[in-house]
Amino acid sequence: MSIPVDPAELHRAVADFDSGYLLTTSSPQVKVVTVDPVAGTDGTLRITAPGKGTLRNLEANDAVTVVFPPRERHGYTLLVDGAASLDGEDVVVAATAAVLHRPAAHADGPVPPDGCGHDCAPVGG
């Protein structure tokens, strides 16, 4: 499940997380690197020098996902999908969708029947 991004809400949501993982691909294999994105108030994430392999992937495919794992057991994971562009050796991700997600088994109570089947929440929700 993905919820459209409100740029101001993404900035606030990212502030609640530590390092994340940038996922890129240009082949059947997905490349994952640990990153410390800086969120802009315009719905972007700036990632400083993620590495040459990541930059090569982005030249072939600009679709990316940034995953921020929960800071506490059974907390929400922040998932951000976007389109990446290169700025020198840095990457700027223009977020297209974001969601706070955790499995139904980690929910604090009953999961609403009209959702994704898991305990999902829109960014800022």
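The values are calculated or read from the model by the stated rules, or taken from the named source; none is laboratory data. Quick caveat, the model's predicted, so the values are computed rather than measured. Virtual Cβ from ideal backbone geometry, glycine too; neighbours counted across all protein chains shown. Accessible surface is based on the protein model in full, side chains and every heavy atom, while ligands, DNA and RNA are left aside. Shrake-Rupley method; radii C 1.70, N 1.55, O 1.52, S 1.80 Å.
What are the residues in the stretch 28-54 that are in contact with a strand residue (DSSP E or B) (Cβ under 7 Å, 6 or more places away or on another chain) and free of Cβ contacts under 8 Å to residues at least 40 places away in the same chain, if any?
Once the filter is applied, which keeps residues that are in contact with a strand residue (DSSP E or B) (Cβ under 7 Å, 6 or more places away or on another chain) and free of Cβ contacts under 8 Å to residues at least 40 places away in the same chain, the stretch 28-54 yields V30, K31, V32, V33, T34, V35, V38, A39, G40, G51, G53, T54.
Scanning the stretch 12-62 for residues that are more than 15 Å from A83 (Cβ to Cβ), surrounded by fewer than 18 Cβ atoms within 10 Å (Cβ to Cβ) and of a type in the set (G, A, S) returns A15, S19, S27, A49, G51, G53. Considering the stretch 71-82, the residues that are more than 15 Å from G40 (Cα to Cα) and open to solvent by less than 50 Å² (accessible area, probe 1.4 Å) include one that is modelled with the highest pLDDT, namely L78. Within the option set V5, V33, V38, V14, being among the hydrophobic types (A, V, I, L, M, F, W, C) and at pLDDT below 90 holds for one residue only, V5. Within the stretch 85-99, being open to solvent by less than 10 Å² (accessible area, probe 1.4 Å) and touching a helix residue (DSSP H, G or I) at 6+ places or on another chain (Cβ under 6 Å) holds for one residue alone: A98.
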